[in-house]
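The values are calculated or read from the model by the stated rules, or taken from the named source; none is laboratory data. Everything numeric in this text was worked out from a predicted model, so none of it was measured. Cβ sites come from the backbone with ideal geometry, for glycine too, and all protein chains shown count toward neighbours.
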């Protein structure tokens, strides 16, 4: 184990997070539960009106479950999602969210699906996502809202279970990070207006509560969606400082300078 992996392991232990493989498995299992399915459905419905207006060549989703993609219905043709580790039979590329094998300014749209909630280094992940996003490109960040019923329930839940072991970073803090990275916030919306219950019968009516919360534009939804744009740094042309040319003395032809004297008799 090298020094970097030891440091990463220590950070995960301090924050109560398992290794990336186990965390990915736990997130995938939760998204397949009745509660996780209701959450994913609400998030998909909330993000689609934004995604359908964004175009380009490449769209990237960063998260911890490459099997649950919010970008499937995006009009962007090439969709990219990395798996956290190699799995037999899988053809998806493997990469870390904090160290992407992509060129600078190469992605048109980046969707961060709860990746900030479960990473050990939120700053590094956000910087990496900004690095690969092209100037003028769009970034969508979906995260759990600590100022909601979901954030309140987190105080009384076991931190070993998903989603309660996530960080639940506030929208205000994320907004401050975005400003430092020259990302302009275009809009903020909220979802998950239903209670964080696990009963299938009650979750069947979650869409009704979602509709009511969306009509009221309540800021107390369980998740927020921040839509931001990478600002284009204006290039100020550096004009060369030309030295003024010295004016040459005008030389008049001799025939013009000499006036003929005509003697009149």
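In table form, for the structure just shown:
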item: Any hit, segment 72-81, residues being in a strand (DSSP E or B) and touching a helix residue (DSSP H, G or I) at 6+ places or on another chain (Cβ under 8 Å); result: no
item: Those residues of segment 41-63 which are farther than 13 Å from residue 111 by Cβ and in contact with a helix residue (DSSP H, G or I) (Cβ under 8 Å, 6 or more places away or on another chain), in sequence order; result: 41, 42, 45
item: Count - residues of segment 59-82 that are within 14 Å of the chain's Cα centre (by Cα) and within 17 Å of residue 136 (Cβ to Cβ); result: 2
item: Sole exception among (1) part of a helix (DSSP H, G or I); (2) modelled with pLDDT of 95 or more for residue 152, by number; result: (2)
item: Checklist (1) within 29 Å of residue 171 (Cβ to Cβ); (2) part of a loop (DSSP other than H, G, I, E, B); (3) at pLDDT 90 or above applied to residue 125, failing item; result: (2)
item: Restricting segment 182-200 to residues that are at pLDDT below 90 and surrounded by fewer than 14 Cβ atoms within 10 Å (Cβ to Cβ), the residue that is nearest to residue 149 (Cα to Cα); result: 198
item: Meets criteria (over 24 Å from the mean Cα position of the chain (by Cα), farther than 22 Å from residue 95 by Cβ and either buried (at least 19 other Cβ atoms within 10 Å of the Cβ) or modelled with pLDDT of 95 or more (or both)) for residue 203; result: yes
item: Residue tally, condition free of Cβ contacts under 8 Å to residues at least 60 places away in the same chain and within 22 Å of residue 37 (Cα to Cα), over segment 81-113; result: 4
item: Cβ pairs under 7 Å, 6+ apart, first in segment 157-185 and free of Cβ contacts under 8 Å to residues at least 40 places away in the same chain, second in a helix (DSSP H, G or I); result: 164/154
item: Residue check for residue 99: touching a helix residue (DSSP H, G or I) at 6+ places or on another chain (Cβ under 8 Å), loosely packed, with under 14 Cβ neighbours inside 10 Å and more than 20 Å from residue 185 (Cα to Cα); result: yes
item: Residue tally, condition surrounded by fewer than 22 Cβ atoms within 10 Å (Cβ to Cβ) and farther than 17 Å from residue 59 by Cβ, over segment 118-142; result: 7
item: Leading residue by the ranking (surrounded by the fewest Cβ atoms within 10 Å (Cβ to Cβ)) among those in segment 47-57 that are closer than 28 Å to residue 196 by Cβ and touching a strand residue (DSSP E or B) at 6+ places or on another chain (Cβ under 8 Å); result: 50
item: Residues being assigned to a loop (DSSP other than H, G, I, E, B) and surrounded by fewer than 17 Cβ atoms within 10 Å (Cβ to Cβ) - total across segment 155-181; result: 8
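To keep it simple, each residue is scored yes or no on (1) at pLDDT 90 or above; (2) part of a helix (DSSP H, G or I); (3) buried (at least 19 other Cβ atoms within 10 Å of the Cβ).
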{"position": "6", "(1), (2), (3)": "no, yes, no"}
{"position": "9", "(1), (2), (3)": "no, yes, no"}
{"position": "13", "(1), (2), (3)": "no, yes, no"}
{"position": "41", "(1), (2), (3)": "yes, yes, no"}
{"position": "45", "(1), (2), (3)": "yes, yes, no"}
{"position": "59", "(1), (2), (3)": "yes, no, yes"}
